[in-house]
Amino acid sequence: MLTKQMQEALNRQVQIEAQSSQVYLAMASWAEIQPGIDNVTAFFYRHSDEERMHMLKLIHFINERGGFAVVPSLEQPTLTYPSIKHAFKELLNHEVMVSESINNLVDIALQEKDYATHNFLQWYVAEQIEEESLARTLNDKLEMIGDEKSGLYLFDQDILNVSVEGESTNM
Ligand code: OFO
């Protein structure tokens, strides 16, 4: 059974994962109307789906442990970006924020000696390591490319090999 504090903290994470999905969905929609970055667009759409999956996993866990998962209202995400580089920078910043939030949840689980929740959260801890590392790699690549159009073309080809979950990344 979840304590009130743990339940509220997990519900805040539901909101964060749902908001993440919105943020990446908005990036995908913006990318889709930019010329020549179809694979970047697909990457953002996939990433948005992953975040929804992260949210659902939390919802099921909260409800299965005797709590009540609250479906949150969401904020309007940023709709447009000055460049692809800006969008990926925002993606990295966002993932760093999510990692901090997961760490905070782990702290609460430990304080409460809630080892079941602690164990459940380990999946998110591992996931955040993957996501942050992927976001950093992509940012480093964009940094090297600068504003070259040919570089962006290659970046778009390269991102085809990237899995959001990091299962088959060649980058
Ligand atoms: Fe849910 O991992 Fe990204 O935000």
Of LEU10, LEU2, the only residue that is within 16 Å of the ligand (Cβ to nearest atom) and modelled with pLDDT of 95 or more is LEU10
Quiz item: On the given criteria, is LEU58 of a type outside the set (Phe, Trp, Tyr), surrounded by 13 or more Cβ atoms within 10 Å (Cβ to Cβ), away from the ligand (no atom under 11 Å from the Cβ) and more than 23 Å from ASN139 (Cα to Cα)?
Solution: no
Right, SER150: among the hydroxyl-bearing types (Ser, Thr, Tyr), under 19 Å from MET53 (Cα atoms) and at pLDDT below 95 or not?
no
I'd like to know if the range 76-93 contains one or more residues that are within 14 Å of the ligand (Cβ to nearest atom), charged (D, E, K, R), part of a helix (DSSP H, G or I) and crowded, with 17+ Cβ neighbours inside 10 Å. yes
Condition set out of contact with any helix residue (DSSP H, G or I) (no Cβ under 8 Å at 6 or more places or on another chain) and not in a helix (DSSP H, G or I), scope the range 53-73, selection farthest from TYR124 (Cα to Cα): answer is SER73
Pairs returned, first residue in the range 28-44 that is touching a residue at least 60 places away in the same chain (Cβ under 8 Å) and within 16 Å of PRO82 (Cβ to Cβ), second residue that is among the aromatic types (Phe, Trp, Tyr) and buried (at least 19 other Cβ atoms within 10 Å of the Cβ), beta-carbon separation under 9 angstrom, 6 or more apart or interchain, are ILE37/PHE155; VAL40/PHE88; VAL40/PHE155
The residue that is nearest to the ligand (Cβ to nearest atom), considering only those in the range 32-52 that are closer than 16 Å to SER150 by Cβ and part of a helix (DSSP H, G or I), is VAL40
Considering the range 112-122, residues that are free of Cβ contacts under 8 Å to residues at least 40 places away in the same chain and at negative phi, and then whichever is farthest from the ligand (Cβ to nearest atom), we arrive at TYR115
Of the listed residues (THR78, THR3), the one being hydroxyl-bearing (Ser, Thr, Tyr) and either under 23 Å from LYS149 (Cβ atoms) or within 19 Å of the chain's Cα centre (by Cα) (or both) is THR78
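The values are calculated or read from the model by the stated rules, or taken from the named source; none is laboratory data. Please read these numbers as outputs of a predicted model, since none were measured by experiment. Backbone-built Cβ (ideal geometry, glycine too); neighbour counts: all protein chains shown.
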